[in-house]
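Beneath this line is the structure, given in structure tokens, with notes to follow.
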Amino acid sequence: MEETEDDSVLNAIIIASVIGILIVAGLILFYPKPSEDFTAVYFGNYTKKPVGGIVSFNYTIENHENRGMTYDVAYLVDNATISNELVFVGDGGNTTLEKSIAVNASQINKVGVLLNTTEEIHFWTTI
């Protein structure tokens, strides 16, 4: 049986489709997936009511950046930086820190923790 021109075109389309499917499958299987690097920061416990003008809290930094990170941590009261410290967290690790900060006990204060990766958490004190 002799192959017609239509059969040749159809065979070429089938071969091209199979090659295309193999290329796409190879890219899906072997192309590296982009990493989802991020840092999580959250409070554990904190006191809303200052005791003797001091609020105490702890917070945790979780490192999901796929490398060890040194975080520049700023402690804020009413959006003003009152102190900073450097905190190293290994790849995939976490660390919990405790902090006590002086605030104006006669007013409501916004107390925050700001990382150099732009993550920020805060809470409001009560009178």
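The values are calculated or read from the model by the stated rules, or taken from the named source; none is laboratory data. No experiment lies behind these values; they were computed from the predicted model shown. All Cβ positions, even for glycine, are placed from backbone atoms using ideal geometry, and neighbour counts span all protein chains on display.
From the set of residues in region 93-127 that are under 17 Å from D72 (Cα atoms) and among the polar types (S, T, N, Q), which is surrounded by the fewest Cβ atoms within 10 Å (Cβ to Cβ)?
This residue is T118.
What number of residues in region 82-127 are among the polar types (S, T, N, Q) and free of Cβ contacts under 8 Å to residues at least 24 places away in the same chain?
5
Taking region 31-48 as the region of interest, how many residues are of a type outside the set (S, T, Y) and either at pLDDT 85 or above or touching a strand residue (DSSP E or B) at 6+ places or on another chain (Cβ under 6 Å) (or both)?
Residues in region 31-48 being of a type outside the set (S, T, Y) and either at pLDDT 85 or above or touching a strand residue (DSSP E or B) at 6+ places or on another chain (Cβ under 6 Å) (or both): 7 in total.
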